[in-house]
Amino acid sequence: MRREIEARDRELTNKFTKDSQITALRQARHYLGDKLIRVAKPHRILDPKAGPLIAVKLNILTRKSLGGIQTDLSGRALDAEGTVVPGLWAAGEASGFGGGGMHGYRALEGTFLGGCLFSGRSAGRSVAGRSVASE
């Protein structure tokens, strides 16, 4: 993990970077609206002045859905009556933007990556026949 973060930080400090996300971030910041309302400038993740890294514990709890395929907590797709559709799973944005709000308790609004990853993990374990509740 450290190697990936350090590689990303190196790209952020390289003004000629070919990293598409950093290039898009820099381009977006040329937009006047972003210049006026953004409070945090892009910075290195491991910059000591940026504060400590914080881990967020996610819980399997669906609070809301912003569209997408209706699923149960194992990622199994449900039909209009709420019955499991055999052999069909959905995760991430397909199951309601960001995993249907799977952040759970005290969710951080505005960040859906955690929900996408977490719902994908739950669905993957379900597909593999492993119970999510057993861990």
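How far apart, in nm, are the 7 Å Cα→Cβ label points at His30 and Leu78?
A separation of 4.6 nm, rounded to one decimal place.
Please go through the residue pairs Lys35/Lys57; Lys18/Lys57; Lys15/Lys49; Lys18/Lys41 and name each one whose alpha carbons sit more than 24 Å apart in this structure. Intermediate results must be reported in sequence, preceding the final value.
Working: Lys35/Lys57 32 Å; Lys18/Lys57 33 Å; Lys15/Lys49 21 Å; Lys18/Lys41 19 Å.
Over 24 Å Cα-Cα: Lys35/Lys57; Lys18/Lys57.
In nm, to one decimal, how far is the Arg10 label point from the Lys49 one, both placed 7 Å along Cα→Cβ?
Modelled inter-label distance: 2.3 nm.
Only Cα pairs under 8 Å and at least 6 apart count here; give the relative contact order of the stretch 2-50 as a rounded whole percent. Walk me through the numbers before you get to the answer.
Values: 22 pairs, mean separation 22.5, N = 49.
So the answer I get is 46 percent.
Only the coordinates and a few stated rules stand behind these numbers; no lab work does. These numbers come from a predicted model, not from an experiment. All Cβ positions, glycine included, derive from the backbone under ideal geometry; neighbour counts span all protein chains shown.
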